[in-house]
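The values are calculated or read from the model by the stated rules, or taken from the named source; none is laboratory data. Note that the structure is a prediction, hence the values are computed from the model and not measured. Note that each Cβ is placed from the backbone with ideal geometry, even for glycine, and that neighbours are counted across all protein chains shown. What goes into the accessible areas is simple: the full protein's heavy atoms, side chains included, and nothing from ligands, DNA or RNA. Shrake-Rupley method; radii C 1.70, N 1.55, O 1.52, S 1.80 Å.
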Amino acid sequence: MGSGWVLWGAAALLLLHVLMAVSPAVNFALRMGFYYLLFFVSSALTAPVCILVNGGRTVKNMRIIKTVVKTFKYFFGLRFEVKGLENFNVEGPAIIVSNHQSVLDMMGLMEVLPDDCVQVGKKELMYAGTVGLIIYLGGVIFINRKSTSSAKMVMAEVAKTMATDNVKVWVYPEGTRNCTGDLLPFKKGAFHLAVQAQVPVIPVVYSSFTTFYNPKKNLFTSGKIKVEVLPPIETKGLTSDDVSDLTDRCFRTMRETLFRLSGHPSEAKDSS
């Protein structure tokens, strides 16, 4: 009886392996399923540790979460090449902005996340089971994207939090995931916040995932992600009248960097 189960198990694993090899759709579904499962299970195991070590919701829990999530890349054959981490070494608070491509961004985020840095995320994430719990414990600031007035109130509170707690804030200015290999137009909230608080903006750019990850093509394989932390952009002396120029400047710089890191520098020249 025991040997029969072993044979059936081996046969099932062999069948899965064959299906993953011949069917991109099966390979994509299984890898994504495992990715979500990994997040939910690790979140359930990590949440009690965060509560025991740091007593509840605090940005300090991000150190624990970061340590766990940084192991995920080994399961999926992903490699990170990181440059410019020294640009995070600014005195006092800052706004960090980066491109937002897919659910895989969490791995990229944790690969470079500096200490004392909180993220701004959509409110719906709070209800994502154990994942919602762990990001709540990590101090993520939730924003209701459907309510402009609510979003403005939250960003005002973020400005106060930066000043009182001396933390950096990580924002995705595109506002939604974009796995096209380009950038969507930036929303101005993060830049209004930076000018209001008179803190620098630190751009972070991840190379395009499209060579190894594309949901429309059922593509999810191993690959290398280049990450570059760009020099801080100062906002001291700027006013609300300068927000549009600041947004455009950051967009152009990040877009050029995205194309360069992704091996398509000519696209940046053609679009300028």
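For residues that are small (Gly, Ala, Ser) and within 18 Å of ILE143 (Cβ to Cβ), scanning just segment 169-189, find the one that is nearest to the chain's Cα centre (by Cα). Out of the qualifying residues, it is GLY175.
Tell me which residues, restricted to segment 87-104, are surrounded by fewer than 15 Cβ atoms within 10 Å (Cβ to Cβ) and within 24 Å of THR176 (Cα to Cα). Outline the logic, then answer.
Taking segment 87-104 first, the residues surrounded by fewer than 15 Cβ atoms within 10 Å (Cβ to Cβ) are 89, 91-92, 103.
Scanning segment 87-104 gives a single hit, VAL103.
Between VAL158, VAL82, VAL154, VAL90, the distinction of being assigned to a strand (DSSP E or B) and either in contact with a strand residue (DSSP E or B) (Cβ under 9 Å, 6 or more places away or on another chain) or among the aromatic types (Phe, Trp, Tyr) (or both) belongs to VAL82 only.
Filtering LYS73, LYS60 for residues that are touching a helix residue (DSSP H, G or I) at 6+ places or on another chain (Cβ under 6 Å) and under 21 Å from SER222 (Cα atoms) leaves a single hit, LYS73.
Kindly evaluate VAL103 against the criterion of being more than 24 Å from LYS224 (Cα to Cα), β-branched (Val, Ile, Thr) and either under 15 Å from the mean Cα position of the chain (by Cα) or assigned to a strand (DSSP E or B) (or both). Don't jump to the end; show me each part of the working.
On the way: more than 24 Å from LYS224 (Cα to Cα): no; β-branched (Val, Ile, Thr): yes; either under 15 Å from the mean Cα position of the chain (by Cα) or assigned to a strand (DSSP E or B) (or both): yes.
It is false that VAL103 is more than 24 Å from LYS224 (Cα to Cα), β-branched (Val, Ile, Thr) and either under 15 Å from the mean Cα position of the chain (by Cα) or assigned to a strand (DSSP E or B) (or both).
Among residues of segment 49-74 that are aromatic (Phe, Trp, Tyr), those with a beta-carbon under 6 Å from a residue that is surrounded by 18 or more Cβ atoms within 10 Å (Cβ to Cβ) and assigned to a helix (DSSP H, G or I) at least six positions away or on a different chain give the pairs PHE72/MET107.
Rundown of residues vs (1) open to solvent by 10 Å² or more (accessible area, probe 1.4 Å); (2) closer than 27 Å to PHE80 by Cβ; (3) assigned to a helix (DSSP H, G or I), yes/no style:
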position	(1), (2), (3)
GLY175	yes, yes, no
LYS187	yes, yes, no
ALA190	no, yes, yes
THR211	yes, yes, no
LYS216	yes, yes, yes
VAL227	no, yes, no
LEU238	yes, no, no
CYS250	no, yes, yes
THR253	yes, yes, yes
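Report whether or not PRO200 is loosely packed, with under 15 Cβ neighbours inside 10 Å and touching a residue at least 40 places away in the same chain (Cβ under 8 Å). When the stated conditions are applied, PRO200 does not pass them. Has segment 106-115 got any residue that is in a loop (DSSP other than H, G, I, E, B), under 20 Å from THR58 (Cβ atoms) and open to solvent by less than 50 Å² (accessible area, probe 1.4 Å)? Yes, segment 106-115 contains a residue that is in a loop (DSSP other than H, G, I, E, B), under 20 Å from THR58 (Cβ atoms) and open to solvent by less than 50 Å² (accessible area, probe 1.4 Å). Of the set (1) surrounded by fewer than 16 Cβ atoms within 10 Å (Cβ to Cβ); (2) under 14 Å from the mean Cα position of the chain (by Cα), all apply to TYR127 but (2).
Being within 21 Å of LYS226 (Cβ to Cβ), over 13 Å from the mean Cα position of the chain (by Cα) and surrounded by 17 or more Cβ atoms within 10 Å (Cβ to Cβ) is a condition met by no residue of segment 45-53.
Just the residues that are closer than 25 Å to LEU30 by Cβ and of a type outside the set (D, E, K, R), please, taken from segment 66-77. Spell out the reasoning first.
Taking segment 66-77 as the starting set, the residues that turn out to be closer than 25 Å to LEU30 by Cβ are 68-77.
Passing the criteria: VAL68, VAL69, THR71, PHE72, TYR74, PHE75, PHE76, GLY77.
Here TRP170 meets each of (1) crowded, with 18+ Cβ neighbours inside 10 Å; (2) out of contact with any Phe, Trp or Tyr (no Cβ under 8 Å at 6 or more places or on another chain); (3) not in a strand (DSSP E or B) with one exception, condition (3).
Taken residue by residue, segment 145-152 has at least one member that is open to solvent by less than 40 Å² (accessible area, probe 1.4 Å) and among the hydroxyl-bearing types (Ser, Thr, Tyr).
Just checking, how many residues over segment 1-44 are outside any helix (DSSP H, G or I), open to solvent by 50 Å² or more (accessible area, probe 1.4 Å) and modelled with pLDDT of 55 or more? Matching residues across segment 1-44 total 0.
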